[in-house]
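Values in this text are rule-based calculations from the coordinates and carry no lab data. These figures come from a predicted structure and were not determined experimentally. Note that we place each Cβ from the backbone using ideal geometry, even for glycine, and neighbour counts take in every protein chain shown.
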Amino acid sequence: MTPFPPSSRSPRSAGSLSVPRRGRAVGLVLAALLCSAAATSAYAAISVGGKPKVAFFAEGTPGALDIEGDTNTVTASDDGTKLVFTVPVTSVKTGIDLRDDHMCHEFCQVEQFPNLTLTLNKADIPWPTTLGQAAKGTVHATFNAHGVDAPVSVDYNVARSKTGYRVIAKFNFDVSQHGIAIPSYLGVTVDPKMHAEVTVDLVDA
């Protein structure tokens, strides 16, 4: 019978330590948990606090008719990657009930599309870490109205507060990109190019 050939592995050095496989597995699990905790800390969830305000502005031509619709109802959802602001269409008030009713049911069709949303990448904003510190800039986002997404550029100013962040932002949008009919009444047509302004306090959850 032919003897087994000598092993090609070199013997362990006298000073080397052997880590059991189970110990290595536990170590990998602990490392993964620590990394996960660090990521969660870096992207802590936030929610809306205080009394937010979202205002939408439109103009009618001819006649320079200014229309403003306001709401104090806005929520924020945060999964650590995406930040989504949601406004119920029916909460937006222009000061004229009949106009609000037409806006909701004839143009925005709230029975089918009840909300407006603005979605952005959370990591695109340099969130201040020191009380009183502020940052400003422009971020690309997605505005959804009437169930249709469209890209928008959002100018923002975010400041660190005692409870989280004070955010002031504004962006332009075009309702014709969202499949919304352009209102026209007695010769006055609403310009489809509108803009929104947002003031909101975000609280660390």
| Which of the lysines could be linked to K51 by a straight reach, that is with a Cα gap under 19 Å, when you skip same-chain ones fewer than 8 residues away? | K93, K162, K170
| task | Pop out the ³J(HN,Hα) list for the range 93-98 in order, Karplus 6.51 cos²θ - 1.76 cosθ + 1.60 with θ = phi - 60°, rounded to Hz; leave Gly and Pro as x. | result | 10, 9, x, 10, 4, 5
| remark: The percentage of Cα-Cα pairs in the range 122-176 separated by more than 17 Å is 44 percent
| Gain in length, L131 to H195, computed as 0.36 nm per residue apart minus the alpha-carbon separation, to one decimal in nm? | 20.0 nm
| Overall Cα dimensions of the range 85-205 - principal axes, largest extent first, Å | 53, 26, 25
| message | Once R0 is set to 22 Å, what does the formula 1/(1 + (r/R0)^6) return for the Cβ-Cβ distance between H102 and A55, expressed as a FRET efficiency to the nearest 0.05? | response | 0.70
